[in-house]
Every structure is written in structure tokens, then in C-alpha cells.
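None of the figures in this text is laboratory data; all of them are computed from the coordinates on show. The model shown is predicted, which means the values in this text are computed figures rather than measured ones. Note that each Cβ is placed from the backbone with ideal geometry, even for glycine, and that neighbours are counted across all protein chains shown.
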Amino acid sequence: MVEGQIHIEDSVIKAALESVPDPEVPVLTVLDLGVVRSVKLKGNTVYVDLTPTYSGCPAMDTMAVDISQALEAKGYQAIINLVLSPAWTTDWISENGRKKLEEYGIAAPLDELSDKRALIDGDRVVKCTNCQSTNTKLISQFGSTACKALFQCEDCLEPFDYFKCLK
């Protein structure tokens, strides 16, 4: 199992969590994003440890409510616990989540070195989600949310978000 990914034995609980979208990137579920750190079932209560993508993330309250509602709809009581350590990293985004990002038009995070090369040095390593060209340029360090940067492809001229690497 990849670090950051968890195994959920109960298929009903897993299905409930797979139905909860990230409020900022709704194509991803909370499981795709890797913010669900652990799930424990005791009796009829599901204990979920949730790690924010960054401290102060405004979506965490919404995620906690949505997770609780999804589990309660399946007949469980939910207790959500916010866990800050270890800190979330983009390495925890599942492979399926990375594919969903690309299909949605958001470039998935690169490794840490390539990310710095793209965001600081201006290297053309971020691939356009429309035409797959790496002839792209940074437009803004911040895209539609703080965790994304705005790029533009110089071949097809499409703007697109790049999900920054966070370690």
C-alpha cells in the first residue's frame, strides 16, 4: 500500500466515503485526495481521522459534515477527528485521483524537484491537460485556489490549473 493510502474493510463505509467529493475539486473524492487517514468501526460508530491539505483549509468543515452525512445515511453514527500530523502531502493523492485531475483539466502535482523547477525557475515541465504539450508557462503562482497555480499552454493557448506539490 502507498504511504498515505488506507485500506477500508467495510464496503458500505468505503462506498459512503467514495461518494463524498472534495468541495474545491469536486471531481475528487475525499479518498482520492487522501485526506481520510483512518477509519475505525466500533459498534455502530465510525471514527474517521481527517487531515487537512493545509492548515486552515476552508473546505475541512464542509468535508467533515459531508462525511458525517454520508455515513449517517448508511445508518452509522460518525465521529470526525481532525489530525494535523503527519501533515498531508500531494503524494497521498491516489493514482485514480491523479487521473481524474488530468481528465478534469487540472495538471496533477509533479515531484518536488520538478515542481520547484516549474514554479520558481520557469522550466517547461508542466504538461498541458488539453494537448499534452510541455510548452507551457506560469501565469500566476495562485490559480483558482491557493493549492493550485495558473499555467497557459503556448501551443494550444489553453489556460489550466496545476495542483502544486506539497510536502
Among rounded, prolate and oblate, which fits the stretch 17-164 when a ≥ b ≥ c are the square roots of the eigenvalues of its C-alpha gyration tensor, a/c under 1.5 means rounded, and a/b larger than b/c means prolate? prolate
222 nm [θ] for the chain, helices only, -39500 (n - 2.57) per DSSP H run of 4+, per residue, to 500? -6500 deg cm²/dmol
Could you give me the ³J(HN,Hα) list for the stretch 19-36, computed from phi with Karplus coefficients 6.51, -1.76, 1.60 and θ = phi - 60°, whole Hz, x at Gly and Pro? 8, 9, x, 6, x, 8, 10, x, 6, 9, 8, 4, 6, 4, 6, x, 7, 7
Return the unpartnered cysteines for the chain, using a Cβ-Cβ cut-off of under 4.7 Å. C57, C147, C165
Quick one: which residues, 5+ away or cross-chain, put their amide H under 5 Å from the amide H of R37? H built at 1.01 Å from N. D49, L50, T51
Measure nothing fancy, just the Cα-based angle from helix 60-73's long axis to the longest principal axis of the chain, in degrees from 0 to 90, nearest 10. 40
So what's the angle, to the nearest 10 degrees on a 0 to 90 scale, between helix 95-104 and the longest Cα principal axis of the chain? 60
